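Trainee: One structure coming up, written as structure tokens, with questions to follow.
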Amino acid sequence: VQLQASGGGLVQAGGSLRLSCAASGRTFSTYVMGWFRQAPGKEREFVAAITRSGGLTLYADSVKGRFTISGDYAKNTVYLQMNSLKAEDTAGYYCAADVGALRISKNTRVYEYWGQGTLVTVSS
């Protein structure tokens, strides 16, 4: 499975961006797709995730109400709509897949596949 993240860029505080994560290669009917982020000097942290079966979602408290994760499974793509961006949202954003999972985990170690990351910079 290959994951390709895109959509990052430079935006002013209060602005919006939509990240995309396109999956290719071997496909699975059951998986969790997650978004994580990592700021310079900090550990990678969970942002949001969605289950392929049922479309259940989970968000980090820091982004709840501002970010929305969704999936277009006909296109094998998961999106992260980010609104009301803050300077503290500045980070590299990574998508990841936990194949075979029915429940969402915030633990980076359970995700088997990772995209290359896309940089989001929010200017204050």
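Trainee: I'd like to know if the range 75-93 contains one or more residues that are part of a strand (DSSP E or B), closer than 14 Å to Gly7 by Cβ, open to solvent by 50 Å² or more (accessible area, probe 1.4 Å) and at pLDDT 95 or above.
Mentor: yes
Trainee: Only residues that are open to solvent by 20 Å² or more (accessible area, probe 1.4 Å), at pLDDT 95 or above and of a type in the set (D, E, K, R): list them for the range 34-55, please.
Mentor: Once the filter is applied, which keeps residues that are open to solvent by 20 Å² or more (accessible area, probe 1.4 Å), at pLDDT 95 or above and of a type in the set (D, E, K, R), the range 34-55 yields Lys42, Glu43, Arg44, Glu45.
Trainee: Related question: Consider Val122 against the criteria (1) surrounded by 19 or more Cβ atoms within 10 Å (Cβ to Cβ); (2) closer than 18 Å to Val11 by Cα; (3) modelled with pLDDT under 95: it satisfies all of them except one. Which criterion is unmet?
Mentor: Against the list (1) surrounded by 19 or more Cβ atoms within 10 Å (Cβ to Cβ); (2) closer than 18 Å to Val11 by Cα; (3) modelled with pLDDT under 95, Val122 comes up short only on (3).
Trainee: Please work out if Leu119 is over 17 Å from Ala39 (Cα atoms), aliphatic (A, V, I, L, M) and within 15 Å of the chain's Cα centre (by Cα).
Mentor: Here the answer is no, as Leu119 does not meet what is asked.
Trainee: Of all residues in the range 68-98 being among the hydrophobic types (A, V, I, L, M, F, W, C) and in contact with an Asp or Glu (Cβ under 9 Å, 6 or more places away or on another chain), which is nearest to Trp114 (Cα to Cα)?
Mentor: Ala96
Trainee: Let me spell it out: the conditions are (1) in a strand (DSSP E or B); (2) without any contact (Cβ under 8 Å) to a residue 40 or more places away in the chain, and Leu58 meets all of them except one. Which number is the exception?
Mentor: Failed condition: (2).
Trainee: Here is a follow-up. Quick check: anything in the range 19-33 closer than 17 Å to Gln116 by Cα and exposed (fewer than 15 other Cβ atoms within 10 Å of the Cβ)?
Mentor: yes
Trainee: Moving on. Just a yes or no: is a residue in the range 56-69 among the basic types (Lys, Arg) and open to solvent by less than 40 Å² (accessible area, probe 1.4 Å)?
Mentor: Checking the range 56-69: at least one residue is among the basic types (Lys, Arg) and open to solvent by less than 40 Å² (accessible area, probe 1.4 Å).
Trainee: Give the number of residues within the range 1-32 that are assigned to a loop (DSSP other than H, G, I, E, B) and within 14 Å of Gly92 (Cα to Cα).
Mentor: Qualifying residue count for the region: 2.
Trainee: Hey, another quick one. Say whether the condition of being open to solvent by 60 Å² or more (accessible area, probe 1.4 Å), in a loop (DSSP other than H, G, I, E, B) and out of contact with any Phe, Trp or Tyr (no Cβ under 7 Å at 6 or more places or on another chain) is met by at least one residue in the range 103-112.
Mentor: Yes.
The values are calculated or read from the model by the stated rules, or taken from the named source; none is laboratory data. A quick note: this is a predicted structure, and the numbers were derived from the prediction, not measured. With ideal geometry, Cβ positions are generated from the backbone for all residues, glycine too; neighbour counts draw on all protein chains shown. Heavy atoms of the whole protein, side chains included, go into the accessibility calculation; ligands, DNA and RNA do not. Shrake-Rupley method; radii C 1.70, N 1.55, O 1.52, S 1.80 Å.
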